[in-house]
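Some notes on the structure that comes next.
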Amino acid sequence: MKSLILRDLKLAFRSGGGFALTLAFFLIVVMFVPFGVGANLELLSRIAPGILWIGALLSCLLSLDRIFQLDWEDGTLEALATSPIPLSGIATAKACAHWITTGLPITIAAIPLGYLLNLPTDAYTWLIASLALGTPALSFIGAFGAAITVGIKRGGLLLSLLVLPLYIPTLMLGAQVVATGTQNPAQLLALVAAISLLSIALIPPACAIALRANLR
Amino acid sequence: MLLNVSNLNCMRADKLILSNVSLSVDNGDCLILRGPNGSGKTTLLRYLAGLSGGRYNNNIAFSGHLDGVKSTLTVRENLEFWAGIYGFDQVNNVMDQLLLTSLQDRAAGDMSAGQKRRLGLARMLLTGASVWLMDEPTVSLDTATSEVIAKAIKAHCENGGAAIISTHIDLDIPRARILTITDFTAKPTDHKNLFLEGVF
C-alpha cells in the first residue's frame with residue numbers, strides 16, 4: 001500500500017498530474033469572491049467559512065475522476081486487482097494519496113485565503129481543524145463515486161451527481177464549525193470527524209465491490 | 001497441482017461464451033490457448049485471474065492487453081513500483097533479463113509500443129507468482145524480443161512455475177501443451193440449461 005501511495009504522489013506532482021490544477025482552482029475560486037462581492041469586510045467575514053468550504057469541495061471534486069480512471073485506462077487497475085493487495089486496500093491507498101494531494105494542500109492554503117476573506121482571528125483554529133478533519137471524508141466519499149463510474153467514459157457529470165449529495169453533511173457541518181468558531185464548536189467538529197472516520201471505515205469495502213463489478 | 005479448474009462456465013456481457021472448461025497446470029507446465037479472435041481466450045484468462053469471478057489460486061499474475069505502464073514514470077520507477085507491490089526486489093535482474101537496463105532512466109511515454117510491452121511484461125517477473133496468465137504477450141514485439149519473452153517464460157516454467165498463454169505465434173516452448181478453446185464454445189442449449197438451473 002505504501003508503494004501505491006508513493007507512486008500516486010509521484011504521478012500527481014509530475015507534469016499533468018493534477019496537483020497544481022486542484023490547488024490553483026481553489027485559489028482562483030476563493031480569490032475571486034472579494035472581487036465579486038466587493039470590499040464589504042463584514043459581509044466577506046460572514047460568508048468566508050462557506051466560501052472556503054465550497055472552494056475546498058469543488059476543488060476536490062475536480063480531481064476525483066483521476067483516482068481510478070487513469071489506472072483503469074492503462075491496465076494498471078486490473079494488474080493491481082490481481083496483486084496480493086485487496087481491492088479495499090487499493091481504494092484506501094488511492095483515497096489517502098488523493099487527500100494528501102488535495103485535502104492537505106487545501107487545508108494549508110485556506111490560512112492565507114481566510115485572511116483575504118477577512119475571517120475572524122478566532123475562527124482560524126477551527127478552519128484548519130474542520131478542513132483537516134473533514135477533507136478525508138471528501139476524498140473517501142469521492143473515491144466511492146470514482147469507483148462506481150470508473151468504466152464510464154467522460155463520467156464526470158454522473159460522478160458529480162453521485163457524490164455531491166453525499167458531500168452536503170460534511171459541507172454544512174464543516175462550514176458551521178468555522179462560522180461558530182467563537183463559541184467553541186467542538187461538538188460540531190466531532191461530527192465532522194465522525195463522518196470522516198465512518199467514510200474511512202465503510203467506503204473502502206464498497207469501493208472494492210464497485211471496482212470488482214466494473215472489472216468484470 | 002498449481003491450478004485446477006473443472007466445468008467452468010465463462011460469461012461475457014451476460015452471454016455464455018465458454019462452457020464446461022476443464023484444465024489443470026502443474027509445476028513446469030505451459031499451456032497455450034489457441035482459437036480465433038472472439039473465441040473466448042481473454043475471457044477464460046480473466047476468469048482464471050479472478051477478474052470475472054472467484055480466484056482459483058492466490059499465487060497468480062495476470063498480464064492483459066494493456067501494459068499497465070505509467071508514461072510519466074521512468075522504466076526503473078515503473079518497475080520499482082511493482083516490486084514494492086509484490087515485495088519482490090529484483091528490479092536490476094529483471095531489467096537485465098528483458099534488455100531494459102539501457103532504457104532504465106527513460107520515461108515510459110518516450111518508448112516505442114514494443115518497448116512499453118516489454119516493460120509491461122517485466123512486471124510478471126517481479127510478481128514472484130507461480131502461475132502466469134498472459135494474454136497475447138507478443139503483440140507489438142519483433143521476433144528478437146518475442147524470443148526474449150519466450151526465454152523468460154521458459155525459465156519461469158523450468159524453475160517450477162507454470163504459464164497459461166493466449167498467443168497466435170509459436171513461442172517454441174518445450175513441453176508446451178495446446179488447448180483449443182473452440183472445444184468449449186458454448187452452444188445455445190448450454191445457455192438454456194444454465195437459466196433453468198438458476199445460475200442467473
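FYI, it's all coordinate maths here, none of it is from the lab. Note that the structure is predicted; figures quoted are calculated from it, not measured. Cβ placement follows ideal geometry from the backbone for every residue including glycine, while neighbour counts extend to all protein chains displayed.
For the reader, a short list of remarks on this structure follows.
- Computing FRET efficiency as 1/(1 + (r/R0)^6) for A:Leu164 and A:Glu73, where r is the C-beta to C-beta distance and R0 is 30 Å, gives about 0.80.
- Net charge of neighbours whose Cβ lies under 15 Å from the Cβ of A:Ala97, counting Lys and Arg as +1 and Asp and Glu as -1: +4
- Acute angle (nearest 10 degrees) that the helix A:103-116 long axis makes with the longest principal axis of chain A, alpha-carbon atoms: 20 degrees
- Going by neighbour counts of Cβ atoms within 10 Å, the residues A:Ile100, B:Ile32 line up, fewest first, as A:Ile100, B:Ile32.
- Equivalent ellipsoid dimensions for the stretch A:2-215 as semi-axes, Å, which come from the Cα gyration tensor, largest first: 32, 18, 14
- The protection proxy used here, the mean number of other Cβ atoms lying within 10 Å of each residue, ranks peptides A:151-163, A:129-141, B:149-161 as follows, highest first: A:129-141, B:149-161, A:151-163.
- Residue order, fewest to most surrounding Cβ atoms within 10 angstrom, among A:Tyr115, A:Tyr124, B:Tyr86, B:Tyr47: A:Tyr115, A:Tyr124, B:Tyr86, B:Tyr47
- Zone of B:Lys151's modelled label, taken as backbone nitrogen in the stretch B:76-99 under 16 Å from a point 7 Å along Cα→Cβ: B:93-99
- Inter-chain Cβ neighbour count for B:124-130, averaged per residue, equals 1 (cutoff 10 Å, partner chain atoms only).
- With Cα atoms defining each centre, the stretch B:1-40 and the stretch B:43-97 are spaced 21 Å apart in the structure.
- The stretch A:90-187: radius of gyration over Cα atoms, expressed as a fraction of 2.2 N^0.38 Å: 1.20
- Cβ-based charge dipole, the stretch B:1-98, positive-most Cα from B:Ile17, B:Phe62, B:Val91: B:Ile17
- Using the Cβ-Cβ distance between B:Asn59 and A:Ile209 with R0 set to 22 Å, the FRET efficiency from 1/(1 + (r/R0)^6) comes to roughly 0.35.
- Full extension of the segment from A:Phe35 to A:Ile152, taken as 0.36 nm per residue of separation minus the current Cα-Cα distance, would add 38.3 nm.
- Other protein chain C-beta atoms within 10 Å of residue C-beta, averaged over B:68-78: 4.
- Taking every Cα-Cα distance in the protein assembly as shown and sorting them into 20 Å bins from zero, the calculated P(r) comes out as 25, 46, 23, 6, 0 percent.
- Each 10 Å bin from zero up to the one holding the largest Cα-Cα distance in the stretch A:1-67 carries the following percent of pairs: 19, 39, 24, 14, 4.
- With the cut-off at under 18 Å, measuring from each backbone N in the stretch B:136-170 to a point 7 Å along the Cα-to-Cβ line of B:Thr182 picks out B:166-170.
- Ranked by how many other beta carbons lie within 10 Å on average, peptides A:53-63, B:33-43 from highest: A:53-63, B:33-43
- J(HN,Hα) series, the stretch A:42-58, from Karplus relation 6.51 cos²θ - 1.76 cosθ + 1.60, nearest Hz, glycine and proline x: 5, 5, 4, 4, 6, 8, 3, x, x, 5, 5, 6, 5, x, 4, 5, 5
- As a length-normalised measure over Cα pairs under 8 Å and 6 or more apart, the relative contact order of chain B settles at 31 percent.
- Kirkwood Rh in Å, taken over the stretch B:7-51 so that all alpha-carbon pairs contribute: 11.4 Å
- Counting only residues at least eight positions apart within a chain, or on another chain, the lysines with an alpha carbon under 23 Å from that of B:Lys151 are B:Lys41, B:Lys116.
- Selection from B:Val139, B:Thr185, B:Ile149, by position along the positive dipole direction of chain B (Cβ): B:Thr185
- Kirkwood hydrodynamic radius over Cα pairs of chain B, then Stokes diffusion coefficient at 10 °C and 1.306 mPa s, in µm²/s: 90 µm²/s
- Inter-probe distance in nm under a simple model that places probes 7 Å from Cα toward Cβ, at B:Arg175 and A:Glu42: 8.7 nm
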